[in-house]
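Have a look at the structure below, then the notes.
The values are calculated or read from the model by the stated rules, or taken from the named source; none is laboratory data. Worth saying up front: this structure is predicted, and the values here are computed from it rather than measured. Cβ sites come from the backbone with ideal geometry, for glycine too, and all protein chains shown count toward neighbours. Just the protein is used for accessible areas: all its heavy atoms, side chains included, with ligands, DNA and RNA removed. Shrake-Rupley method; radii C 1.70, N 1.55, O 1.52, S 1.80 Å.
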Amino acid sequence: MAEHTTKRQVNKVAATGRIVADNIKRLRLRSGMQYKELSQRLSELGRPIAPLGLRKIEECERKVDVDDLTAFAAVFGVSPLEILMPTNGYAIDKSEITGYPTPLPNSYIWSWALGERPLNEEDNSIITLLLHRIEVLENRDIPPDVQAWKKLGPIGGPYEASWGYDASKPATEVLQEVEQSEQEPK
């Protein structure tokens, strides 16, 4: 009696895989590389992919794993996010990503990828996205002490009057004292 074998089902390239494929093709063409040169560069990095495999990646017939993704990023001199996230169109244009039921604005997807907001927020309006982005930009790369002074307010502001803090102390220390005092039972 002949045994019946079934072919193993493999997940097909989904929404994020299509973004990755498009971005690899865009970056390859922008750099002026043919498949053979890109294949050679990847091999030099210890991540060989034959020219035919590269064509299959760009045609969404072959998946890119995380090791491939980082090797492509190294070859093209970009962040892995530039390969993983949508770069087509404008910030308000919408893209699909694997695992999320509806298309989202590209700026929202990028904010999520950068760890600036969760993916499951209810309000996806562009105004909410822009306001959140402004807040994130205002606080990015600001030393902790400067952020603490911003929270405390200007010298001569309400905290200085009520807590009598010394402007020569590190603001992070003052903010910690203020927050502890506010938590103490009165």
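If you go through region 83-103 and keep only what is within 12 Å of residue 16 (Cβ to Cβ) and open to solvent by less than 60 Å² (accessible area, probe 1.4 Å), you end up with 83, 84, 85, 86, 95, 97, 100.
Residues in region 41-74 that are more than 20 Å from residue 18 (Cβ to Cβ) and in a helix (DSSP H, G or I): 41, 42, 43, 44, 51, 74. Scanning region 1-39 for residues that are over 19 Å from residue 83 (Cα atoms) and either modelled with pLDDT of 95 or more or not in a loop (DSSP other than H, G, I, E, B) (or both) yields one hit, 36. On the basis of being within 30 Å of residue 111 (Cβ to Cβ) and not in a loop (DSSP other than H, G, I, E, B), does residue 91 make the cut? No; evaluated as a whole, the condition is false for this residue.
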